[in-house]
Amino acid sequence: MYTDYNRFSVNAFTAVSDAWGLLSSNYWPFFGVTSILLVAVCCIPAGGLLAPFLTAGIYAMVFRSLRGEQYDLSTAFGDGFKGKSWRVFFAAVVAGLPWLPLTVMSQMIDRIEKAPQETVAIFLIAALVFFAIAMVWGLTCVFWIPLIVDKDLSFGEAFGLSARAAWMNLPGLVLLYIISGVILTIGMLAVCLGMLFVYPLVMVAYAFAYRQVFPDDKLPSPGHEPPPPDAYPGVFGQRI
């Protein structure tokens, strides 16, 4: 089981800056995937079922980009997480469960406004409690999907490692949450359409934050020595 991770290593500003650097050179594939994700979730009945797979696809695209590998839209639509789809799906479902009460409560706002003040106060307190639970749970699960995509861990192994790593990187992740909220709010102010353009930045920033905590073990480590010349075939390195 993979258990290694960096502690107190999330630099939110660096994650956003690195995400901007990646998107500035190849923005449109990420824009396309995140736009489909947002439209599916907001406009299509049961479209939210696509969200886990598209989220995994975005992580796969970022990881391939950082390795210098080729990626395209097919990476986001299954090629980047073959054999891991159901783990990704159920991880997203479990991670999103605490938001269900808030979704139900949001549908009750019109009726609550006409209720007695005591009822309104209880409703608001309950909403704050559920929101706090959802945020804590979301933080705990923040690395769940990328660990499945990147390290091919089992459902339970990925959750346990995500929880430990997230809480050992709490300050940086909280700051990244705040910065992401500001970015998304700015996008909402731009007639909501701005959300389509800033959401890729937020998603990719979380992928970079993940990589700060879980370095890529498929890349040579710093200081890796190349093989000696006589390890190569031919006459390279041989005296002529």
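For this structure, a couple of remarks:
- Long hydrophobic helices in the chain: the complete DSSP H runs spanning 18 Å or more by Cα along their own axis with mean Kyte-Doolittle hydropathy of at least -1.0 are 12-25, 27-43, 51-66, 117-140, 155-167, 170-189, 194-213.
- Approximating the spin labels as points 7 Å out from Cα along Cα→Cβ, the Arg164-to-Asp110 distance works out to 5.0 nm.
- The stretch between Val182 and Gln117 holds 20.2 nm of extra length on full extension. This uses 0.36 nm per residue minus the Cα-Cα distance.
- For Asn169, the residues whose amide H sits under 5 Å from its own are Phe8, ignoring neighbours fewer than 5 places away on the same chain, with H placed 1.01 Å from N.
- Charge dipole of the chain (Cα centre as origin; +1 on each Lys and Arg Cβ, -1 on each Asp and Glu Cβ, all else neutral): 100 debye, rounded to the nearest 20.
- Subtracting the Cα-Cα distance of Asp152 and Leu189 from their residue separation scaled by 0.36 nm leaves 9.5 nm.
- Subtracting the Cα-Cα distance of Phe31 and Leu175 from their residue separation scaled by 0.36 nm leaves 49.4 nm.
- Near the amide H of Gly78, within less than 5 Å, lie no amide hydrogens of residues on another chain or at least 5 residues away, with H placed in the peptide plane.
- The alpha carbons of segment 12-214 occupy a box of 60, 39, 33 Å along the principal axes, longest dimension given first.
- Most fluctuating residue given options Met108, Met135, Met61, as computed from a GNM of the chain linking Cα atoms under 10 Å: Met108
- Relative packing of peptides 182-192, 69-79, 206-216 - highest average C-beta neighbours within 10 Å first: 206-216, 69-79, 182-192
Read-outs: derived from the displayed coordinates by stated rules, not from any lab. Everything numeric in this text was worked out from a predicted model, so none of it was measured. Glycine gets a Cβ as well: all are built from the backbone with ideal geometry, and neighbour counts include every protein chain shown.
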